[in-house]
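The values are calculated or read from the model by the stated rules, or taken from the named source; none is laboratory data. Please read all numbers here as calculations on a predicted model, not as lab measurements. Neighbour counts run over all protein chains shown; Cβ positions are idealised from the backbone, glycine included.
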Amino acid sequence: MTEKQVIELLKAATNEYLSKLEALWKTIEVDSQVVVVPPVIKPISHFTGDLNCKHCGKVGPYAENYSKLVAKLEKLRTAIGNKPIHVLSGYRCPTHNAEVGGATNSYHMQDMAADIYVDGMSVDQVATAAISVGFGGIGRYYDQQFTHVDIGPVAGWTQGSKGFISVGDLIDTNEKIRKEG
């Protein structure tokens, strides 16, 4: 039997819903005894788009990574004044990752990455804010107008009309922003 509960967090000062969590309680039988399994918590949140795979609709199997990614996205949302974050791509199953030409070891396949944009903010503004809240990998896609963020180690790259910037130059820039931010 599964019981579904929805938890809403309310910021009292503004009556703003900060996030929503969906908790799934499960009872299973183990050695002829019924055991209640603690909830798997899945943020529903206020991101537009979806962190689920666009191909199969699933969230990846890496719950700890998923939780860290969502927490970091929440931190980013706060840093940018609670503007909605539009998620173009979150988790990718291997089939979907191959279809979109993703790297064979893509952090998207490990619940560690999202491709995002924020209305009214440039790719560079989103990237700078993401660096300031501690995202590791930052990819700037100027032609497609989105920013890749991930919770992996510090790395940076850019593609698009501004040309290619070396990873080393972006790491230096990212570290400078972190120290100043």
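Structure values in brief
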read-out	value
Residue that is nearest to Gly134 (Cα to Cα) [pool: residues in the range 59-81 that are touching a helix residue (DSSP H, G or I) at 6+ places or on another chain (Cβ under 8 Å) and assigned to a helix (DSSP H, G or I)]	Leu76
Within the range 93-121, considering residues that are more than 18 Å from the chain's Cα centre (by Cα) and of a type in the set (S, T, N, Q), the one surrounded by the most Cβ atoms within 10 Å (Cβ to Cβ)	Thr95
Checking Leu51 against (1) surrounded by fewer than 17 Cβ atoms within 10 Å (Cβ to Cβ); (2) within 26 Å of Ser132 (Cα to Cα); (3) at pLDDT below 85, the condition it does not meet	(1)
